[in-house]
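The values are calculated or read from the model by the stated rules, or taken from the named source; none is laboratory data. Just so you know, these numbers come straight off a predicted model, no measurement behind them. Positions of Cβ are generated from backbone atoms using ideal geometry, with glycine treated the same way; all protein chains shown enter the neighbour counts. Keep in mind that these areas ignore ligands, DNA and RNA; they rest on the heavy atoms of the full protein, side chains included. Shrake-Rupley method; radii C 1.70, N 1.55, O 1.52, S 1.80 Å.
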Amino acid sequence: QVQLVESGGGLVQTGGSLRLSCAASGGIFSIDAMAWYRQAPGKQRDMVAVVQSGGSIVYAESVKGRFTISRDNAKNMVYLQMNSLKPEDTAVYYCRLDTTDNVAAWGRGTQVTVST
C-alpha cells in the first residue's frame, strides 16, 4: 500500500519561502506523476504543480514564477519550493502520486500559513 508523508509546512511572513517535501513508500512499482495540491478553508482542492515521469511540469497560473516542483526518482521524493509567498497561498498542501497502473495516493497534508 502506497503511503505519502508531507513535511516542511509552517508559518511564514508575506514574501517568505518554504520548501515542502513528500516521501513515498510501500508497494511502488512505477510512478507516473507526482503532484502538489492545496485546499484553503471552504474551498475545493486545487492542483498547484505536477511533474510527470518524463519530466514535463505544469503549474497553476497563480504560482507560476514563484513555486518550483522537483522530484528525486531514486528516493521517491517530490519537493515544492515556494518563494514570494502571499497570504492567499495559505492552505493545507497535499502530495499526490499516480502510478502507471492508475493507482492514486494522497498524503495527509501539511499546513502552510502566510501572515500579513
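Any residue in segment 91-116 that's farther than 20 Å from D32 by Cβ and of a type in the set (F, W, Y): show its pairings with residues that are in a loop (DSSP other than H, G, I, E, B) and at pLDDT 95 or above at Cβ separation under 7 Å, as long as the two are six or more apart or on different chains.
Pairs found: Y93/G9; Y93/G109.
Against the conditions (1) out of contact with any strand residue (DSSP E or B) (no Cβ under 7 Å at 6 or more places or on another chain); (2) under 18 Å from A24 (Cβ atoms); (3) without any contact (Cβ under 8 Å) to a residue 24 or more places away in the chain; (4) open to solvent by 50 Å² or more (accessible area, probe 1.4 Å), where does D72 fall short? Just the number, please.
Unmet condition: (4).
Would you mind finding the one in V12, V51, V58, V78 that is β-branched (V, I, T), without any contact (Cβ under 8 Å) to a residue 60 or more places away in the chain and within 16 Å of T110 (Cα to Cα)?
Values: V12 fails: without any contact (Cβ under 8 Å) to a residue 60 or more places away in the chain; V51 fails: within 16 Å of T110 (Cα to Cα); V58 fails: within 16 Å of T110 (Cα to Cα).
Exactly one of V12, V51, V58, V78 is β-branched (V, I, T), without any contact (Cβ under 8 Å) to a residue 60 or more places away in the chain and within 16 Å of T110 (Cα to Cα), namely V78.
For segment 17-35, state whether one or more residues are open to solvent by 60 Å² or more (accessible area, probe 1.4 Å), part of a strand (DSSP E or B) and at pLDDT 95 or above.
yes
Quick check on segment 59-67. Is at least one of its residues among the acidic types (D, E) and modelled with pLDDT of 95 or more? Before you say what the answer is, go through the steps one by one.
Quick first cut of segment 59-67, residues among the acidic types (D, E) only: 61.
Now narrow it down to the ones that are modelled with pLDDT of 95 or more: 61.
Yes, that holds for at least one residue.
Where residues in segment 88-98 are open to solvent by 10 Å² or more (accessible area, probe 1.4 Å), in contact with a strand residue (DSSP E or B) (Cβ under 6 Å, 6 or more places away or on another chain) and not in a loop (DSSP other than H, G, I, E, B), which of them is farthest from K43 (Cα to Cα)?
Taking segment 88-98 first, the residues open to solvent by 10 Å² or more (accessible area, probe 1.4 Å) are 88, 90, 92, 94, 96, 98.
If we keep only those that are in contact with a strand residue (DSSP E or B) (Cβ under 6 Å, 6 or more places away or on another chain) as well, we get 90, 92, 94, 96, 98.
Checking the rest, the ones that are also not in a loop (DSSP other than H, G, I, E, B) come to 92, 94, 96, 98.
Numbers: V92: 11, Y94: 14, R96: 18, D98: 23 Å.
Within segment 88-98, the match that is farthest from K43 (Cα to Cα) is D98.
A quick yes/no check of all residues on (1) of a type in the set (F, W, Y); (2) more than 18 Å from R19 (Cβ to Cβ); (3) open to solvent by less than 60 Å² (accessible area, probe 1.4 Å):
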| residue | (1), (2), (3) |
| --- | --- |
| S62 | no, yes, no |
| L80 | no, no, yes |
| K86 | no, no, no |
| V112 | no, no, yes |
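Within segment 99-108, track down each residue that is open to solvent by less than 50 Å² (accessible area, probe 1.4 Å) and not in a strand (DSSP E or B). Show your work before the answer.
First, the residues of segment 99-108 that are open to solvent by less than 50 Å² (accessible area, probe 1.4 Å): 99, 105, 107.
Residue satisfying the conditions is G107 alone.
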